[in-house]
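To start, the structure itself, in structure tokens.
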Amino acid sequence: MSSLFVLEAGAGAQPSTAGSIGAMLIPMVILFGFMYLMLIRPQKKRQREIDQMQSSINIGDSVMTNGGFYGKVVDSVNNVLIVELGTNKSVRVPIERNAVAAVKEPDLTINRDDLIEDKKEDKEEKKDEE
């Protein structure tokens, strides 16, 4: 009989699980809310902007593909764009609309400051070799 009293006394000493679940649930909800605000929401915004840019591509636009190729859109059929690549106008490549990374002209200008720095570095390397 005394062992029965010990078991009942031990059972009453255990902490309540309802309070510990609530204490764990609050930080998890806060963590999920933080992850949503910092990761998921900005990614959805970027994806909406990309989808809008890709859907607004027209014939004559200069585009850059995900592979880094620049070209001009000459035709559009459903979800496929026909793009002219390079200066040879006979090179026409069909690409998916979602393979366009940006609508922009290639930057073919040469920065004069970079050229001057490159020449200085070349001169210094030649001096070091001698």
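Numbers at a glance
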{"read-out": "Selected residue (criterion: surrounded by the most Cβ atoms within 10 Å (Cβ to Cβ)) from residues of the stretch 96-110 that are of a type outside the set (A, V, I, L, M) and in a helix (DSSP H, G or I)", "value": "97"}
{"read-out": "Residue in the stretch 111-118 that is of a type in the set (Lys, Arg), without any contact (Cβ under 8 Å) to a residue 12 or more places away in the chain and exposed (fewer than 10 other Cβ atoms within 10 Å of the Cβ) present", "value": "yes"}
{"read-out": "Criterion violated by residue 89 - all others in (1) at pLDDT 80 or above; (2) out of contact with any Pro (no Cβ under 6 Å at 6 or more places or on another chain); (3) not small (Gly, Ala, Ser) satisfied", "value": "(1)"}
{"read-out": "Test for residue 40: is it out of contact with any Cys (no Cβ under 8 Å at 6 or more places or on another chain), surrounded by 10 or more Cβ atoms within 10 Å (Cβ to Cβ) and of a type outside the set (Phe, Trp, Tyr)", "value": "yes"}
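The values are calculated or read from the model by the stated rules, or taken from the named source; none is laboratory data. No experiment lies behind these values; they were computed from the predicted model shown. We place every Cβ from the backbone using ideal geometry, glycine too, and count neighbours over all the protein chains shown.
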